[in-house]
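The values are calculated or read from the model by the stated rules, or taken from the named source; none is laboratory data. Quick caveat, the model's predicted, so the values are computed rather than measured. Backbone-built Cβ (ideal geometry, glycine too); neighbour counts: all protein chains shown.
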Amino acid sequence: MKLIAFGASLAIIFLISCSSAAKSNQQTDQQQTVSVPQFNADSAYLYVKTQVDFGPRVPNTKAHDKCAVYLVKQMERFGAKVIQQKADLKMFDGTILHSDNIIASFNPAAKTRILLCAHWDSRPFCDHDSNPANYHKPVLGANDGASGVGVLMEVARQLGKQLPSVGVDIIFLDSEDVGTPEFDKGPEDDNSWCLGTQYWAKHLIPSNYHAKFGILLDMVGAPNAKFYKEQVSMDHAPDIVEKVWDQAKEYGFSGYFVDQMGGAITDDHLFINQLTGIPCIDIIQEDMNSSTGFAPYWHTTHDTMDNIDRTTLLAVGETLLGVVYNERP
């Protein structure tokens, strides 16, 4: 992931590569009450920790292989129809990555579908570490990778217990965080990121797959995280951004889902929008006071479980469940 600053009116927008009881909401336009299941933050935290305990989930490693088995088994246990989309993808330096997109579908017969996704791989480089000796060490990826997957796993557990009226496809995207590192002297290339997503978008399963909208989670577990209205999301799917932020506000999570514009981020959702036409937004933590635009431990050896907070997981997960269960065919 890299940062490019450019002017936009009075702001600088960054281009960066990279509870409670179940709630009931009155749908006045359809005159019906929707029961939204309870999101369990303790379960989500455990799912994050289990991934981290495998070690960095870098493609072509044993930790990556073991985590894939875990994710598939868990999603099947939750009742999903699971497909593994495996592909050999070329990294910026020519390395072939044995990549594995994990697609878990709930209510597969439903024609109206929602896409929820997060990347599950770990970055091979700590290229923003304060110690150059760590540049070639992999990132553990507790927040950057495991947090989004952990939230979606708990969402999946609830989907398996109570199906919504729409279909839901959860995709754990691989080989997202393998882009050109800061220390590389070669040409910059945005397409070196999000390789699994680019492959999936060009080889949809089924080939005519389409979702009403998509929501990407990336770095959604840190204490007191701030999720701004990301620029690419607003460009491609402003109504979905407002839908999600309104749901968060209704549930009392406006302290996390901030009603302010954020940067433009080159993340999986960018390629989903560009290559599939599915309007997709990104819920991602940004730090406007950081030189990178992200938390200080981003792409360093310090992205550990110390950065994971149950309350933040709850805010994101409960908001997602509210959006999903209030959506009508």
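Restricting attention to the stretch 71-108 and to residues that are aliphatic (A, V, I, L, M) and assigned to a loop (DSSP other than H, G, I, E, B), the residue that is surrounded by the most Cβ atoms within 10 Å (Cβ to Cβ) turns out to be Ala80.
When the criteria are applied in full, Thr301 fails the requirement of being of a type in the set (Ser, Thr, Tyr) and part of a helix (DSSP H, G or I). The residue pairs whose first member lies in the stretch 58-76 and is closer than 18 Å to Leu195 by Cβ, whose second member is in a helix (DSSP H, G or I), and whose beta carbons are closer than 7 Å, counting only pairs six or more residues apart or on different chains, are Val58/His64; Cys67/Gln51. Of everything listed in (1) hydrophobic (A, V, I, L, M, F, W, C); (2) surrounded by fewer than 16 Cβ atoms within 10 Å (Cβ to Cβ); (3) within 19 Å of Val52 (Cβ to Cβ), the single unmet condition for Trp120 is (2).
Condition test on Asp129, is it modelled with pLDDT of 95 or more, in contact with a His (Cβ under 8 Å, 6 or more places away or on another chain), under 20 Å from Val52 (Cβ atoms) and buried (at least 24 other Cβ atoms within 10 Å of the Cβ)? Answer is no for this residue.
Taken over the stretch 159-172, the criterion of being crowded, with 24+ Cβ neighbours inside 10 Å and within 11 Å of Met75 (Cα to Cα) is satisfied by Leu159, Ile170, Ile171, Phe172.
Could you check, for the stretch 222-231, whether at least one of its residues is buried (at least 24 other Cβ atoms within 10 Å of the Cβ), at pLDDT 95 or above, among the small types (Gly, Ala, Ser) and outside any loop (DSSP other than H, G, I, E, B)? No, the conditions are met nowhere in the stretch 222-231.
In the set (1) in a helix (DSSP H, G or I); (2) surrounded by fewer than 22 Cβ atoms within 10 Å (Cβ to Cβ); (3) small (Gly, Ala, Ser), the condition left unmet by Gly150 is number (2).
Of the strands (runs of 3 or more DSSP E) entirely within the stretch 241-291, those holding at least 3 residues that are over 17 Å from the mean Cα position of the chain (by Cα) and surrounded by fewer than 23 Cβ atoms within 10 Å (Cβ to Cβ) occupy 257-261. Scan Ser175, Ser165 and give me the residue that is assigned to a loop (DSSP other than H, G, I, E, B), over 26 Å from Glu286 (Cβ atoms) and of a type in the set (S, T, N, Q). Only one candidate passes the filter, namely Ser165.
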